[in-house]
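*Asks:* Take this structure, written in structure tokens, and hold onto it; I'll ask about it next.
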Amino acid sequence: MRLLLKIVFAFLLLSAGITLLYRFVPVPVTITMLTDSNGITKDWTPLSDIDRNMVAAAIAAEDGKFCTHNGFDTEAIENAMKRNAEGGRLRGGSTISQQTAKNVFLWQGEGWSRYARKGLEVWFTFLIEHLWDKRRIMEVYLNVAETGIGTYGVEAGAQRYFGKSAASLTPLQAARMAAALPSPKTRSVKNPAGFTRRYGNTISARIGTVRNSGFDACVYE
């Protein structure tokens with residue numbers, strides 16, 4: 001029991017220390033990147049060099065309550081649990097904070113490993129919500145999220161799909177990248193069709209609402 005307590009204490013201390021470090025320095029690499037057989041293309045970019053359209057698109061697509069929750073959207077989680085209980089394809093209710101915690105510190109995983117990850121995800125989400133501010137969470141999220149095959153971060157994605165910097169993305173370009181985030185290996189950004197195209201158009205239309213209603217205010221205050 002004493003040994004177990006020491007291990008738990010060491011984990012808590014180490015995880016908090018690494019999380020605090022990442023508040024100030026770029027995340028060098030993640031487990032997802034290291035296990036990607038397609039290699040890694042990435043270019044860490046400060047949020048000040050990422051167009052505000054991309055931030056608004058991410059909020060519109062992934063987490064409309066980003067600025068008001070404490071890391072967890074209980075309503076979205078409950079709705080996801082209800083849908084999953086009805087059968088069919090599993091759907092998540094993860095916030096941008098949860099996705100950032102997963103992408104930075106943990107693994108993707110399926111089956112039992114997915115459930116093991118979820119417990120740790122709660123802890124790391126708690127840490128980043130208390131040791132980082134919302135701007136830093138968004139900055140890290142947009143730099144480590146997979147945006148294509150072997151491509152990580154919105155700067156690398158913008159260069160790949162549009163031949164331009166993430167600093168000058170149009171609302172539609174940002175929306176199409178956001179529409180592909182849940183499944184970047186299968187959803188086309190440059191020439192989307194079907195659901196991805198319709199979803200991208202919907203996100204593009206929501207960008208103005210996000211900005212005008214201040215849903216992204218915590219990132220820029």
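*Asks:* Under a straight-distance cross-link criterion of Cα-Cα below 17 Å, which aspartates and glutamates are reachable from Lys118, leaving out those fewer than 8 residues away in the same chain?
*Replies:* Of all the aspartates and glutamates, those that pass the test against Lys118 - Cα under 17 Å, at least 8 places apart if same chain - are Asp73, Glu78, Glu110, Glu129.
*Asks:* Could you estimate the translational diffusion coefficient of the chain from the Stokes-Einstein equation, with Rh from the Kirkwood formula over C-alpha pairs, at 4 °C and 1.567 mPa s, in whole µm²/s?
*Replies:* Result for D is 72 µm²/s.
*Asks:* Please give the charge dipole size of the chain, origin at the Cα centre, charges +1 on K and R Cβ atoms and -1 on D and E Cβ atoms. Round to the nearest 20 debye.
*Replies:* Here the size comes out at about 460 debye.
*Asks:* I would also like to ask the following. Can you tell me the dipole magnitude for the stretch 119-174 around its Cα centre, using point charges on the Cβ only (Lys, Arg +1; Asp, Glu -1), in Debye to the nearest 20? Before the final figure, lay out each step's value.
*Replies:* Details: 5 positive and 6 negative charges, 46 e Å.
Approximately 220 debye in magnitude.
*Asks:* Now for a different question. Looking at the chain, do any whole DSSP H helices span at least 18 angstrom along their long axis by alpha carbon and average -1.0 or above on Kyte-Doolittle, and which?
*Replies:* Long hydrophobic helices here: 2-21, 112-131, 194-212.
*Asks:* With each pseudo-label sitting 7 Å past Cα toward Cβ, what's the Lys82-Leu21 distance in nm, one decimal?
*Replies:* 4.3 nm
*Asks:* For the pair Leu14 and Thr35, what calculated FRET efficiency results from E = 1/(1 + (r/R0)^6), where r is the Cβ-Cβ distance and R0 = 25 Å, to the nearest 0.05? Mind showing how you got there, number by number?
*Replies:* On the way: r = 21 Å, r/R0 = 0.85.
The calculated FRET efficiency here is 0.75.
*Asks:* In the neighborhood of Gly200, defined by Cβ-to-Cβ distances under 10 Å, what is the net charge if each Lys or Arg adds +1 and each Asp or Glu adds -1?
*Replies:* Result for the neighbourhood of Gly200: +4.
*Asks:* Given a 1.4 Å probe, how much area per residue of the chain is accessible, in Å²?
*Replies:* Accessible area per residue, the chain: 52 Å².
*Asks:* Tell me the relative contact order for the chain as a rounded percent, counting alpha carbon contacts under 8 Å between residues six or more apart.
*Replies:* 28 percent
*Asks:* Add -39500 (n - 2.57) for each DSSP H run of 4 or more in the chain, then divide by its residues: what number comes out at 222 nm, to the nearest 500 deg cm²/dmol?
*Replies:* Helix-only estimate at 222 nm: -18000 deg cm²/dmol.
*Asks:* Can I ask one more? Could you order peptides 96-106, 41-51, 178-188, 12-22 by the average number of other Cβ atoms within 10 Å of their residues, highest first?
*Replies:* Ranked by mean Cβ neighbours within 10 Å, highest first: 96-106, 178-188, 41-51, 12-22.
*Asks:* Assuming R0 = 30 Å, what is the FRET efficiency of Thr209 and His130, from their Cβ-Cβ distance, to the nearest 0.05?
*Replies:* That gives a FRET efficiency of 0.55.
*Asks:* While we're on this one: Report the gain in length on full extension from Asn70 to Lys190: 0.36 nm times residue separation, minus Cα-Cα distance, nm rounded to one decimal.
*Replies:* Taking Asn70 through Lys190 to full extension adds about 39.8 nm, to one decimal.
The values are calculated or read from the model by the stated rules, or taken from the named source; none is laboratory data. The shown structure was predicted, so the numbers you read here are calculated from the model rather than taken from an experiment. Backbone-built Cβ (ideal geometry, glycine too); neighbour counts: all protein chains shown. The area values use the complete protein model at the heavy-atom level, side chains included, leaving out ligands, DNA and RNA. Shrake-Rupley method; radii C 1.70, N 1.55, O 1.52, S 1.80 Å.
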